[in-house]
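Q: Below is one structure. I have some questions about it.
The values are calculated or read from the model by the stated rules, or taken from the named source; none is laboratory data. Being a predicted model, the structure only gives us computed values, none of them experimental. Cβ: placed from backbone, ideal geometry, glycine included. Neighbour counts: every protein chain shown. The area values use the complete protein model at the heavy-atom level, side chains included, leaving out ligands, DNA and RNA. Shrake-Rupley method; radii C 1.70, N 1.55, O 1.52, S 1.80 Å.
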Amino acid sequence: MNEQQAREEMVKFGASFFQRGYATGSAGNLSMKLADGTLLATPTGSCLGDLNAERLSNVSLDGEWISGDKPSKETSFHRAIYLNNPACEAVVHLHCLYLTALSCLQGLDSRNAIKPFTPYVVMRVGDVPVVPYYRPGDNRLGEALAKLAPQYRAFLLANHGPVVVGKSLREAADNMEELEETARLIFTLGDRPIRYLTDDEIAELRR
């Protein structure tokens, strides 16, 4: 995929997230790695439903703003993930309803916010650790994600929302949607007894 195709793909996914209610206003941001090793990212204050392919931010992994509109301040934590997970080619961060609601709950397991009760999160994403709350743009958010990035493909930022990575923007988007639907199931089930997957069932899925 050349750079122009990557730009068009980001615009397409941003519009899809916005039109389907996964993103509202100027919330959320996307990034993907280009062939030259730099990043394409959504600009600061941009609406995912109204991205302009030619005005997307281009930044280096060191944080240098190369071209396009000014990048989102949260691009810093995207860079932290890329620098610590060489397999990562794209990052999706949204404030989608159910995952953001989940991120606001007390008592979440910091090692895995979504205890497995369907096979799909296990197969597509694995465990989803909770990152402690830091204000948006705080450098400590990137530092926390840098430590987790080598082991995980998704993260829940406390009182903020989800971050999901992938080997492509398509994979990251698909995995984000799987997580959001799983969080929706959690709230739909409410306090009803849930049959969680057993350790053996989880191990079988991971194999």
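Q: Structure shown: which of 33/167; 12/147; 70/167; 33/73; 12/33 lie over 20 Å apart, alpha-carbon to alpha-carbon?
A: Values: 33/167 10 Å; 12/147 31 Å; 70/167 25 Å; 33/73 17 Å; 12/33 16 Å.
Going by Cα-Cα distance, 12/147; 70/167 fall outside the 20 Å limit.
Q: Using only the heavy atoms of the protein chains and a 1.4 Å probe, how would 96, 104 rank by accessible area, largest first? Could the numbers behind the result be given before it?
A: Details: 96 0, 104 75 Å².
Final ranking, largest accessible area leading: 104, 96.
Q: Grab the Cα-Cα distance for residue 204 and residue 109, subtract it from 0.36 nm times how many residues apart they are, and report the gain in nm with one decimal. Walk me through the numbers on the way to the answer.
A: Values: separation 95, 0.36 × 95 = 34.20 nm, distance 2.23 nm.
The residue 204-residue 109 span can extend by a further 32.0 nm.
Q: Over all pairs of distinct alpha carbons, what does the Kirkwood formula give as the hydrodynamic radius of the chain, in Å? Don't jump to the answer; show the numbers that get you there.
A: Numbers: mean 1/r = 0.0583 Å⁻¹.
Result for the chain stands at 17.2 Å.
Q: If you don't mind, another one. In Å, the Kirkwood hydrodynamic radius of the stretch 155-207 over pairs of distinct alpha carbons? Numbers along the way, then the final one.
A: Working: mean 1/r = 0.0757 Å⁻¹.
Kirkwood radius, the stretch 155-207: 13.2 Å.
Q: At a 1.4 Å probe, what is the % contribution of carbon and sulfur to the accessible area of the chain? Kindly include the intermediate steps, with their values, before the conclusion.
A: On the way: 5000 of 10400 Å².
Looking at the chain in its full context, I get 48 percent from C and S.
Q: Separate question: Starting from the Cα-Cα distance between residue 185 and residue 50, subtract it from 0.36 nm times their residue separation and give me the gain in nm to one decimal.
A: On the way: separation 135, 0.36 × 135 = 48.60 nm, distance 2.97 nm.
That pair, residue 185 and residue 50, stretches by 45.6 nm at full extension.
Q: Still on this structure: Quick check: net charge around residue 66, other residues with Cβ under 12 Å of its Cβ, Lys/Arg +1 and Asp/Glu -1?
A: Values: positive: 70; negative: 3, 36, 62, 64, 69.
Taking every Cβ under 12 Å from that of residue 66, the sum is -4.
Q: What would the Debye formula give as log10 I(q)/I(0) at q = 0.09, 0.16 Å⁻¹ for the alpha-carbon point model of the stretch 86-207, no solvent?
A: Log-scaled intensity ratios, in q order: -0.23, -0.75.
Q: With +1 on each Lys and Arg Cβ and -1 on each Asp and Glu Cβ, how big is the dipole of the stretch 3-205 about its Cα centre, in debye rounded to the nearest 20?
A: Numbers: 20 positive and 26 negative charges, 80 e Å.
Computed charge dipole of the stretch 3-205: roughly 380 debye.
Q: Which value results when the Cα radius of gyration for the stretch 37-124 is divided by 2.2 N^0.38 Å?
A: Cα-based Rg divided by the globular estimate yields 1.32.
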